[in-house]
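The values are calculated or read from the model by the stated rules, or taken from the named source; none is laboratory data. None of these values were measured; they are calculated from a predicted model. Because the Cβ atoms are built from the backbone with ideal geometry, glycine has one as well, and the counts that use them run over all protein chains shown.
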């Protein structure tokens, strides 16, 4: 499914986490519990498919845990962390990602 642009802004605050989780799910990602309570959560996703078939995804969002939903499939994921706090979970291993890191 193409998801060229998604934002939580079009959802009521009480519906944002559900909408965010559904958008990530369509991209093969899973959102864990937000890492900090505070202001209303905001998130945007920009997604494009390259001519070679790679899915290119840019996320800007609240602090959270992101898991890859690979379910045993062979896949290649490259993550560039630009800003904020990120914890990635893959194969049950949790890793904090520093700003500027590529995983």
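Please find, within the stretch 57-76, the residue that is farthest from residue 103 (Cα to Cα) out of those that are surrounded by fewer than 18 Cβ atoms within 10 Å (Cβ to Cβ) and modelled with pLDDT of 80 or more. Filtering first and then ranking leaves 60. Within the stretch 12-56, take every residue that is at pLDDT below 80 and under 17 Å from residue 90 (Cα atoms) and give me the one that is surrounded by the fewest Cβ atoms within 10 Å (Cβ to Cβ). Within the stretch 12-56, the match that is surrounded by the fewest Cβ atoms within 10 Å (Cβ to Cβ) is 33.
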